Amino acid sequence: MTTQPKTSQFITGIKEVVDQYDAFVIDLWGVIHDGRNPYPHAIETLKNLKDLKKTTLLLSNSPRRVFASEAHLAEMGLPRDLYTHIYTSGEDTHQGLKHRPDAWHQQLGNRLYHIGPEFHHPMYTSLPYEKVSSPKDADFLLATGAELSHIDDYEALLKSGLERDLPMLCANPDRVVVHGGKIILCCGGIAERYEQLGGNVFYHGKPYPAVYQPVLTLLEGTPPSRILAIGDSLATDIKGAQSNGIDGALIMAGIHHEVLLAAHKMTPETPQHLIDLSIKTGITPRYALTEMVWVK
């Protein structure tokens, strides 16, 4: 396990630390794109990493499977040849549903109630599961995304699941996400509320250990000390990386921007704000930078 730094080193771009690492595990939402368009500076950084023959793995708490994520990124304007690998919480969930690798998954029945949009259906449609129209007919809940704006909108549904003691499989642990510059409710927020009400939840994705097993396999023996994780969430990207001995670089313009920045820019108060946030969360990133830029 990597040593938790006492304080974060502020850097202006990835170029400052690139020679210390052979592989980069990079988050998508809030780092590479805003949910609609890729950030030009992020594309430039990927191009520079490719030119230096660094391995890049995009690791996203996205409910999409890998093939769907690749297609979605290409539509957005991020070419497939700019990154080496990609893995998602949606792919990890699909593999869990397919192989049932542990006692928790083995106790699931075959009837699921899906909380999320229709385009997430490929997660399970090729598998022997029946999608039902009510929690009253389900063996478990599968949460992949938030279509409603407020967590209170899910209260009745979640209580219906609790009445039948249904387990919930969460395909995206992110509680909130940046979409078009706005912070909105995400799947993990629904799962968190279900736990608060007394529900039994299993999470696929960052920061949970299972998702890092295929990541390290894809990185083909690169020691964790030579890997840098880049993400905008202390609770998922940085915590998950550090739990696996990997240094983390926090992108401050992501979900923590309202606490750390002013008008998406650093201020003299930013270092203290990050110290306070690190104390509050118990997570201190090795590095912090405003955006995933190469150099400023």
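The values are calculated or read from the model by the stated rules, or taken from the named source; none is laboratory data. Please read all numbers here as calculations on a predicted model, not as lab measurements. FYI the Cβ positions are ideal-geometry reconstructions off the backbone, even for glycines, and counts take in every protein chain you see. In case anyone asks, the SASA skips ligands and DNA or RNA and just uses the protein heavy atoms, side chains included. Shrake-Rupley method; radii C 1.70, N 1.55, O 1.52, S 1.80 Å.
Would you check if there is a residue in region 212-226 being under 27 Å from Glu192 (Cα atoms), open to solvent by 30 Å² or more (accessible area, probe 1.4 Å), in contact (Cβ under 8 Å) with a residue 24 or more places away in the chain and out of contact with any Cys (no Cβ under 8 Å at 6 or more places or on another chain)? Yes, region 212-226 contains a residue that is under 27 Å from Glu192 (Cα atoms), open to solvent by 30 Å² or more (accessible area, probe 1.4 Å), in contact (Cβ under 8 Å) with a residue 24 or more places away in the chain and out of contact with any Cys (no Cβ under 8 Å at 6 or more places or on another chain). Considered as a group, the residues in region 273-289 that are closer than 15 Å to Gln9 by Cβ and either open to solvent by 40 Å² or more (accessible area, probe 1.4 Å) or of a type in the set (Gly, Ala, Ser) (or both) include one that is farthest from the chain's Cα centre (by Cα), and that residue is Ile275.
With respect to Asp232, is the statement that it is surrounded by 23 or more Cβ atoms within 10 Å (Cβ to Cβ), in contact with an Asp or Glu (Cβ under 9 Å, 6 or more places away or on another chain), more than 30 Å from Ala103 (Cβ to Cβ) and among the charged types (D, E, K, R) true? Criteria met by Asp232. Which condition number does Leu218 fail, the rest of (1) farther than 30 Å from Pro167 by Cβ; (2) in contact with a His (Cβ under 6 Å, 6 or more places away or on another chain) being met? Only one criterion in (1) farther than 30 Å from Pro167 by Cβ; (2) in contact with a His (Cβ under 6 Å, 6 or more places away or on another chain) is unmet by Leu218, namely (1).
Of all residues in region 111-136, those that are surrounded by 13 or more Cβ atoms within 10 Å (Cβ to Cβ), in contact with a strand residue (DSSP E or B) (Cβ under 9 Å, 6 or more places away or on another chain) and in contact (Cβ under 8 Å) with a residue 12 or more places away in the chain total 13.
Residues in region 192-249 that are touching a Phe, Trp or Tyr at 6+ places or on another chain (Cβ under 8 Å), under 21 Å from Glu291 (Cβ atoms) and of a type in the set (Val, Ile, Thr): Ile227, Ile230. Inside region 49-99, residues that are surrounded by 18 or more Cβ atoms within 10 Å (Cβ to Cβ), of a type in the set (Lys, Arg) and more than 19 Å from Val31 (Cβ to Cβ) make up a count of 1. Residues considered: Lys50, Lys98, Lys15. Of these, the only one that is under 18 Å from Asp247 (Cβ atoms) and out of contact with any His (no Cβ under 8 Å at 6 or more places or on another chain) is Lys15.
Note on region 1-55: residues that are assigned to a loop (DSSP other than H, G, I, E, B) and of a type outside the set (Phe, Trp, Tyr) total 25.
Within region 246-272, residues that are more than 20 Å from Gly181 (Cα to Cα) and touching a residue at least 12 places away in the same chain (Cβ under 8 Å) reach partners that are of a type in the set (S, T, N, Q) and open to solvent by less than 90 Å² (accessible area, probe 1.4 Å) with beta carbons closer than 7 Å, at six or more positions or on different chains, in the pairs Ile246/Thr2; Asp247/Thr2; Gly248/Gln242.
Residues of region 241-272 that are open to solvent by 40 Å² or more (accessible area, probe 1.4 Å) and part of a helix (DSSP H, G or I): Ser243, Glu258, Val259, Pro271, Gln272.
Looking at region 158-185, which of the residues that are out of contact with any strand residue (DSSP E or B) (no Cβ under 7 Å at 6 or more places or on another chain) and more than 19 Å from Gly254 (Cβ to Cβ) is least open to solvent (accessible area, probe 1.4 Å)? Going through the qualifying residues, I end up with Leu158.
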